[in-house]
Each structure stands twice: as C-alpha cells, then as structure tokens.
Amino acid sequence: MASGPFELKGKSVYVAGHRGMVGSAIVRRLVREDVNLVTVDRREVDLC
C-alpha cells in the first residue's frame with residue numbers, strides 16, 4: 001500500500017466499533033495491511 005505519514009506494518013491496531021459502518025470500513029482497509037488487528041465485542045469490554 002501507499003506509504004502514509006506513519007507506518008503500521010507489524011503494529012497492533014485496536015478498532016472500537018468494528019461492527020458499525022465506519023469501524024467495519026476501517027477493518028476492511030486494515031486487513032490489507034500487515035497489522036495485528038485487535039477487536040473486542042461490546043459484551044466483553046465497557047468503554048464508558
């Protein structure tokens with residue numbers, strides 16, 4: 001992929017709201033990168 005302002009290759013990336021419209025689009029984009037994608041179901045964590 002094109003190089004951006006910072007490199008994500010090999011990093012862990014947490015996506016909150018990965019089942020929503022924006023979050024799922026971010027997840028689809030990150031799947032194409034070499035990242036460790038971290039998602040957690042809302043029943044497992046309280047972000048409030």
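Contact map, the stretch 20-48: residues that are at pLDDT 90 or above paired with residues that are surrounded by 11 or more Cβ atoms within 10 Å (Cβ to Cβ) and in a helix (DSSP H, G or I), Cβ distance under 9 Å, separation 6+ or inter-chain. Pairs shown: LEU37/VAL27; LEU37/LEU30; THR39/GLY23; THR39/VAL27.
Yes/no per residue for (1) open to solvent by less than 100 Å² (accessible area, probe 1.4 Å); (2) assigned to a helix (DSSP H, G or I):
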site	(1), (2)
LEU8	yes, no
HIS18	yes, no
LEU30	yes, yes
ASP34	yes, no
VAL40	yes, no
ARG43	no, no
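The values are calculated or read from the model by the stated rules, or taken from the named source; none is laboratory data. The structure displayed is predicted, hence computed values, not measured ones. Here the Cβ is made from the backbone with ideal geometry for all residues, glycine too, and neighbour counts use every protein chain on show. Side chains are part of the model used for accessible areas, which takes the heavy atoms of the whole protein and leaves out ligands, DNA and RNA. Shrake-Rupley method; radii C 1.70, N 1.55, O 1.52, S 1.80 Å.
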